[in-house]
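For reference, the structure is listed below as C-alpha cells.
The values are calculated or read from the model by the stated rules, or taken from the named source; none is laboratory data. These numbers come from a predicted model, not from an experiment. Here Cβ is always computed from backbone atoms with ideal geometry, including for glycine, and neighbour counts include all displayed protein chains.
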Amino acid sequence: MLLTKKSNPLRKKIIYSIAAFLLIIGIIGFNYYQKIFGKAITKDTLLFINSNDRLEDVKNKIAEFSNNTEIFLWIAAKKSFSKPKPGRYILKEGMSNNYLINMLRSGRQTPLKVSFNNQDTLEKLAGRIAQQIEADSISLIDTFREQSFLSKNNFTTKSVLGMFIPDSYEFYWTVSPEEFRTKVFASYKRFWNKSRLEKTKKLNLSVAEVITLASIVQKETAQQTERPIVAGLYLNRLKKGWPLQADPTIIYCVKEIKGQAYHVKRVLTADLAIKSPYNTYKNKGLPPTLIAMPDISAIDGVLNAQKHKYFYMCANVDKIGYHSFAKSLIQHNKNAAKYHQWMNKQRINR
C-alpha cells in the first residue's frame with residue numbers, strides 16, 4: 001500500500017505532462033490547420049494575374065481582401081510554389097490560402113463573356129476588346145491585320161472588320177490575340193450558314209457585298225423594323241443601276257479626311273463632291289468595303305429585304321429616328337424640303 005501511495009503523485013505528474021504535451025501539440029496543430037485551411041479571403045472578388053506577375057505581386061493584389069498576406073507567402077514556400085499562372089480568378093469569401101495557391105498553381109481560372117457592339121473601325125474594336133482581356137489593342141490590331149491571315153481568307157485591312165459579328169463570346173482572360181481571332185473567325189463561318197448563303201445567292205451578291213450593304217443600312221437607321229425597308233430601297237437602286245446616294249457613305253468619306261472624332265450631323269452639298277470610291281453619290285454600285293460593323297439585325301435586314309417600290313428616303317421630322325419613304329422624286333423633294341427646313345430651324349449646320 002505504501003508503494004502505491006508513493007507512486008500516485010509520480011503517476012499523476014506523468015499523466016498531466018502527457019496531457020499538457022498533447023494539448024500543446026493540438027493547439028499547434030490547430031494553429032497550423034487554420035493557417036493552411038482556415039478562412040483567408042474576406043470577400044467575394046476578382047483577382048487578375050498578369051503573365052509577368054511574381055508571387056510578391058500576387059501578395060500585394062490580395063492584400064485588400066486577405067486576412068494575412070504573410071501567411072499566404074509562408075504556405076506558398078511550404079508548397080514550393082513560386083510562379084502563379086496568369087488568369088482571371090473568382091475568389092469566394094472564406095476561401096483558404098491552400099485552395100487559393102492550388103488554384104493559382106493549376107491556372108484554374110474562370111472564363112468570361114467578351115462582348116462588342118457596332119464599332120466603326122478596327123482600332124475602336126481592338127480598344128473595346130482590350131478592355132476585357134489581358135492582350136493590348138496594338139497586339140490585337142496587328143493580329144487582325146496579319147497579311148497571311150487576310151490573304152488566306154480573302155480579307156483586306158478594311159474588309160476584315162466584317163468578320164466580327166457583334167455578340168458575346170466566351171474566352172479566358174488570358175486568351176492570346178491569335179486564339180481570339182481564330183474563335184471569332186470560326187463563329188463568323190458558322191454565322192454564314194446554308195440558309196444565309198442561299199439568301200445571299202438569291203440577291204446576286206457576295207457575302208462581302210451583303211456585309212457592305214448591311215453596314216450602310218446599320219448607319220442609316222437605328223430602327224430594326226426599318227432595316228428591311230431601307231435594304232429593299234437600296235437593292236431597288238442597285239437593280240436600276242442608280243447610285244445609292246447613301247449619306248452614311250459621305251459621312252464615312254468626311255471622317256476619313258477629318259478623322260474619326262469629327263462629328264457630322266448634316267451632310268453638306270460640298271461633301272457630295274469628295275473624290276473617294278466610298279462616295280455613293282459620285283459612284284454607282286456598292287463601296288469597296290463596309291463602312292462600319294453591322295449587327296445581326298442589319299445583315300438579316302438585307303438578307304430578308306422587303307420588296308416594295310421605294311427609291312428615295314429622308315429623315316422623318318414628325319417621327320424622329322424614323323424615315324419617310326417615297327416612290328417618286330417629286331414626293332421625295334417634298335419630304336427633303338421639310339427636313340431641311342427643320343434642320344435650319346434647329347440650327348444644325350454641321
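Data overview
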{"read-out": "Test: residue in the stretch 292-303 that is of a type in the set (S, T, N, Q) and at pLDDT 95 or above", "value": "yes"}
{"read-out": "Given (1) surrounded by fewer than 18 Cβ atoms within 10 Å (Cβ to Cβ); (2) under 23 Å from Val160 (Cα atoms); (3) touching a residue at least 60 places away in the same chain (Cβ under 8 Å), number of the condition Ile211 does not satisfy", "value": "(1)"}
{"read-out": "The stretch 35-70, residues that are of a type outside the set (D, E, K, R) and either in a helix (DSSP H, G or I) or not assigned by TED's automatic domain parsing to the domain that holds Leu91 (or both)", "value": "Ile36, Phe37, Leu55, Val58, Asn60, Ile62, Ala63, Phe65, Thr69"}
{"read-out": "Candidate set: the stretch 307-322, residues that are in contact (Cβ under 8 Å) with a residue 60 or more places away in the chain and among the hydrophobic types (A, V, I, L, M, F, W, C); chosen: the one farthest from Thr269 (Cα to Cα)", "value": "Phe311"}
{"read-out": "Residue in the stretch 255-278 that is touching an Asp or Glu at 6+ places or on another chain (Cβ under 7 Å), exposed (fewer than 15 other Cβ atoms within 10 Å of the Cβ) and in a loop (DSSP other than H, G, I, E, B) present", "value": "yes"}
{"read-out": "When residues of the stretch 323-340 are limited to those that are in a helix (DSSP H, G or I) and touching a residue at least 12 places away in the same chain (Cβ under 8 Å), the one nearest to the chain's Cα centre (by Cα)", "value": "Tyr339"}
{"read-out": "Selection count, the stretch 66-108, where residues are at pLDDT 90 or above, within 30 Å of Gln131 (Cβ to Cβ) and in contact with a Leu (Cβ under 9 Å, 6 or more places away or on another chain)", "value": "12"}
{"read-out": "Residue in the stretch 135-156 that is small (Gly, Ala, Ser), touching a Pro at 6+ places or on another chain (Cβ under 6 Å) and within 26 Å of Thr289 (Cα to Cα) present", "value": "yes"}
{"read-out": "Residue among Glu134, Glu146 that is touching a residue at least 60 places away in the same chain (Cβ under 8 Å) and over 22 Å from Lys255 (Cβ atoms)", "value": "Glu134"}
